[in-house]
1. Round to the nearest 10 and give me the degree value, 0 to 90, for the angle of helix 117-130's Cα axis relative to the longest principal axis of the chain.
2. Given N residues in the stretch 22-163, what is Rg(Cα) / (2.2 N^0.38 Å)?
3. Could you work out, for the stretch 6-68, what percent of all Cα-Cα pairs fall into each 10 Å distance bin, beginning at 0 Å and stopping at the bin that holds the largest distance?
4. Over all Cα pairs of the stretch 194-251, how is the pair count split among 5 Å bins, expressed in % and running from 0 up to the last occupied bin?
5. Please arrange Ile199, Ile129, Ile5 by how many other C-beta atoms lie within 10 Å of their C-beta, fewest to most.
6. Could you please report the charge total around Ile181, scoring K, R as +1 and D, E as -1 over all other residues with beta-carbon less than 14 angstrom from its beta-carbon?
7. Going by how many other Cβ atoms sit within 10 Å of their own, how do Lys43, Lys117, Lys194 line up, fewest first?
8. Compute the distribution of all C-alpha to C-alpha distances in the stretch 96-211, in bins of 10 Å from 0, and list the percent of pairs in each, rounded to whole numbers.
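Readers should treat all values here as calculations from the given coordinates under stated rules, not as data from a laboratory. Here the structure is a predicted model, which is why all the values come from computation and not from measurement. As a convention, Cβ positions derive from the backbone with ideal geometry for all residues, glycine included, and neighbour counts pool all protein chains shown.
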Amino acid sequence: MPTKISVTDLQLYYSDFHALKKLNLEIPEHAVTALIGPSGCGKSTFLRTINRMNDFIPGVRIEGSLQISGEDVYSPQMQVETLRKRVGMVFQQPNPFLSSIYDNVAYGPRLHKIKDKKRLDELVEQSLIGASLWNEVKDLLHKSAMGLSGGQQQRLCIARALAVQPEVLLMDESTSALDPISTLKIEELVQELKEKYTIVMVTHNMHQAARVSDQTVFFLNGEVVEAGQTEELFSNPVDSRTEQYITGRFG
């Protein structure tokens, strides 16, 4: 598979704390890459480097290179607004806006100066279809998003991310707050979405990583211990620490 995201000697410091250490990684296009590892190992920090969410944190310093389709995310020429259009993100807790279902999805396109009603209608419908939510909400578009169930709210957040037509979708433990049925729906959705998008997901759930990802990356203490095809990494890990983690001996 062609590489979508290329990481070379990436390091990140929170003031004096060395959070990410010399990461080298290739993330394939149109595939699901799962980031696993114990709490505090750097996986969510790494995820946030891809769309520069760490820029909001005082004292952050980043070294090395992170490229998307050959373009350096941290070059002075990279506009953060453009980057965040190309790289959508879905968080752990569903976080719909206190507005209608329609306005939640239309928010991003409006932000990017799309004002034409017909075009907005198309984007809202396409995004809700893409998030497997359209049939459930098509008659409720102007009702509050807060009336949806937790699983529906998370799929709405996925639709909101898709509405700006990104290339990459980041998912930070996006099913950990959901019930098993909603989790299964989102896992099925992820399998469909990789046809159009490159997906990078943080998960604490080993079974989920094994079920939905094509590639798995094991983080420990801010380093990449091992990365490889999911089936191979789970059945035949190279590093003993990977084996200890995935068999539940620590973490």
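1. 50 degrees
2. Working: Rg = 17.0 Å, N = 142, 2.2 N^0.38 = 14.5 Å.
So the stretch 22-163 has a normalised radius of gyration of 1.18.
3. Values per bin, smallest distances first: 20, 58, 20, 1.
4. 4, 18, 32, 28, 12, 5, 2, 0
5. Ordered from fewest to most neighbouring Cβ atoms within 10 Å, Ile199, Ile129, Ile5 come out as Ile129, Ile5, Ile199.
6. Details: positive: Arg155, Lys185; negative: Glu136, Asp179, Glu187, Glu188.
Within the 14 Å Cβ shell, the charges total -2.
7. Ascending Cβ contact count within 10 Å gives the list Lys117, Lys194, Lys43.
8. All Cα pairs, binned at 10 Å, distribute as 14, 47, 32, 7, 0 percent.
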